[in-house]
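First comes the structure, then the notes that go with it.
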Amino acid sequence: MSIAASGRLAVYEEPNAPFQIREYPLRAPDAGEVLVRIRMSTICRSDIHSYQGRRPNPCPGVLGHEIIGVIVALGEGVHQDMRGDPLVPGDRVTWSEYFVPGSNYTADVLGLPQKSPGVDKYGHLAATTLPHHHGGFGEYCYILPHSWILRLPDELSDEEATPINCGVATMIAVTEAAAIGIGQTVVIQGLGLLGLYGAAIAKARGARAVIGLDTVAERRARAHRFGVDLALDPATIDQAALLHEVREICRPAGADVVIEVCGVADVIRQGLDMLRVGGTYVLGGVVNPQAMVTIDANLLLRKLLTLRGVHNYHPRNLIEALDFVVGNRRRFPFHDLVDGRYPLDRVGEAMADAAARRVLRAAIVP
């Protein structure tokens, strides 16, 4: 494929400012890079938080990290994906939502490359930072060195494939941290895309029952198609009644696992109350700084609880996410989760619809 002279990006100058379509130059990929033509980028809740100024993001900003694209050109030294499969121009690929600066103690000794000092994310750099095209809200993206790339099978639709490198991989990491076992009971706080994938993964891991909590009626109605056995609105049930409902299903002593993916710190106290003695709580949604909450630390001690946080995911989780979607796409309607499609010049409308929860996952299709 030939390389165009430039490509369009949807850029915003400051939080909540209108998006503007701007042209930035393209070049052949440097060593270790891959240039892709974007097919689809979906709007993650963290994109919304960044745009609204609720988390730091440099401006002029270019957002989007849930991305798939078709390879235009490969830089020197890039010949295969992380599985060892060959890569050639024309291949449709996904890649890790983050890239690391190279070898370091955190990655090599602690086994946590996702938390490497200097780790950076796609859709988290200023548009003025070279090579400009490093976010999903545009026509092109450079996959930068020390990312992890996966070639996508033809059988997956773009809608099934695009959330894999953030939403699905994150929930693979979350459910791994929760160590969900056969016959266990799971409560999921939040039934957005993360929560629905979490429910499906929990069932695939052998969970006996999954309870979902969300205040949006459409999400609760959809949840049953993704393995949720009981979907409740926590805003319409007082705390005592909600705990009773949960314990009736999670007999005899409460939930084995509670997962937070709603992004609201205030639900943490409620989640701890739902757990049985020795239960596990995993936080995956409170990604905003200053997500303060007051809890009774004695409760953690007396109930022998495990409290874990998941931020980013290990590279292996990207492979596991792709394999999970491929292996379960006929069991769960993943295609339906991306329920809004917008051209690049309607990014502002897509962001507004996603923020107002009028769509579950808005997709930018340049």
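The values are calculated or read from the model by the stated rules, or taken from the named source; none is laboratory data. Everything numeric in this text was worked out from a predicted model, so none of it was measured. Cβ placement follows ideal geometry from the backbone for every residue including glycine, while neighbour counts extend to all protein chains displayed. For the accessible areas, the whole protein counts, side chains as well, though only heavy atoms, and no ligand, DNA or RNA atoms are used. Shrake-Rupley method; radii C 1.70, N 1.55, O 1.52, S 1.80 Å.
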Calc'd 3J(HN,Hα), region 72-89, phi into Karplus 6.51 cos²θ - 1.76 cosθ + 1.60 (θ = phi - 60°), Hz, glycine/Pro = x, comes to 9, 7, 10, x, 4, x, 9, 10, 8, 8, 5, 8, x, 6, x, 10, 9, x
The long-range amide H neighbours of residue 6, using H built 1.01 Å from N in the peptide plane and a cut-off of under 5 Å, are 26
Restricting to region 98-235, what percent of DSSP beta bridges are antiparallel, rounded to 5? 20
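Under the Kirkwood approximation applied to all pairs of distinct alpha-carbon atoms, what is the hydrodynamic radius of region 159-227 in Å?
Kirkwood radius, region 159-227: 12.0 Å.
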Listed by chain and number, the lysines with an alpha carbon less than 29 angstrom from that of residue 203, same-chain partners under 8 positions apart left out, are 115, 303
Here the averaged projected area of region 233-343, based on the convex hull of its alpha-carbon atoms and given in nm², is 10.4
Name the residue farthest towards the positive end of the dipole of the chain from the options 327, 223, 342, assuming +1 on Cβ of Lys and Arg, -1 on Cβ of Asp and Glu, about the Cα centre. 223
For the pair residue 155/residue 218, report the inter-label distance in nm, with labels modelled 7 Å from Cα in the Cβ direction. 3.1
Which percent of the Cα-Cα distances in region 58-170 go past 19 Å? 47
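Give me the number: length gained by fully extending residue 129 to residue 326, i.e. 0.36 nm times residue separation minus the C-alpha to C-alpha distance, one decimal in nm. Don't skip to the end; give the middle numbers.
Working: separation 197, 0.36 × 197 = 70.92 nm, distance 3.54 nm.
Length gained, residue 129 through residue 326: 67.4 nm.
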Taking just the alpha carbons, could you work out the radius of gyration and Dmax for region 74-140, both in angstroms? 14.0, 38
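Whenever you get a sec, line up 50, 6, 103, 147 from highest to lowest accessible area (probe 1.4 Å, protein heavy atoms).
Numbers: 50 5, 6 45, 103 105, 147 25 Å².
Final ranking, largest accessible area leading: 103, 6, 147, 50.
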Report P(r) for the chain: all Cα-Cα distances, bin width 20 Å, range 0 to the bin holding the largest distance, values in whole percent. 30, 57, 13, 0
Got a sec? Which residues in region 64-85 would a label at residue 287 touch, if it sits 7 Å along Cα→Cβ and we count backbone N under 17 Å? 64-68
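What is the percent carbon and sulfur in the accessible area of region 153-303, measuring with a 1.4 Å probe over the protein chains and ignoring ligands? Walk me through the numbers before you get to the answer.
Details: 2990 of 5690 Å².
Answer for region 153-303 is 53 percent, counting heavy atoms of protein chains only.
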Subtracting the Cα-Cα distance of residue 182 and residue 243 from 0.36 nm times their residue separation yields 19.7 nm
Of the listed peptides 188-201, 274-287, what is their order by residue-averaged count of other C-beta atoms within 10 Å, with the highest listed first? 188-201, 274-287
Apply the Karplus parameterisation 6.51 cos²θ - 1.76 cosθ + 1.60, with θ equal to phi minus 60°, to every residue of region 146-159 and state each ³J(HN,Hα) to the nearest whole Hz, in sequence, with x for glycine and proline. 6, 9, 10, 10, 10, 6, 9, x, 4, 5, 7, 6, 4, 5
What number comes out for accessible area per residue over the chain if the probe is 1.4 Å? Units Å², please. 40
Using 0.36 nm per residue of separation minus the Cα-Cα distance, give me the extension gain between residue 236 and residue 85 in nm, one decimal. 49.3 nm
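Using a probe of 1.4 angstrom, how much of the accessible area of region 2-141 is carbon and sulfur, in percent? Walk me through the numbers on the way to the answer.
On the way: 2880 of 5500 Å².
That share works out to 52 percent.
Just how large is the dipole of region 178-248 about the Cα centre, in debye to the nearest 20, putting +1 at every Lys and Arg Cβ and -1 at every Asp and Glu Cβ?
On the way: 8 positive and 7 negative charges, 75 e Å.
With Lys and Arg at +1 and Asp and Glu at -1, about 360 debye.
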With every protein chain left in place, what is the accessible area of residue 154 in Å² (1.4 Å probe, nearest 10)? 150
May I ask for the distance between the Cα centers of region 60-89 and region 221-263, given as a whole number of Å? 40
Rounded to the nearest 20 Debye, what is the dipole magnitude of the chain about its Cα centre when Lys and Arg each give +1 and Asp and Glu each give -1 at the C-beta? 720
Residue 251 label point, 7 Å along Cα→Cβ, cut-off 18 Å on backbone N: hits in region 200-217? 208-211
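Return the calculated 222 nm mean residue ellipticity for the chain, to the nearest 500 deg cm²/dmol, obtained by summing -39500 (n - 2.57) across DSSP H runs with n ≥ 4 and dividing by the residue count.
The per-residue figure over the chain is -7000 deg cm²/dmol.
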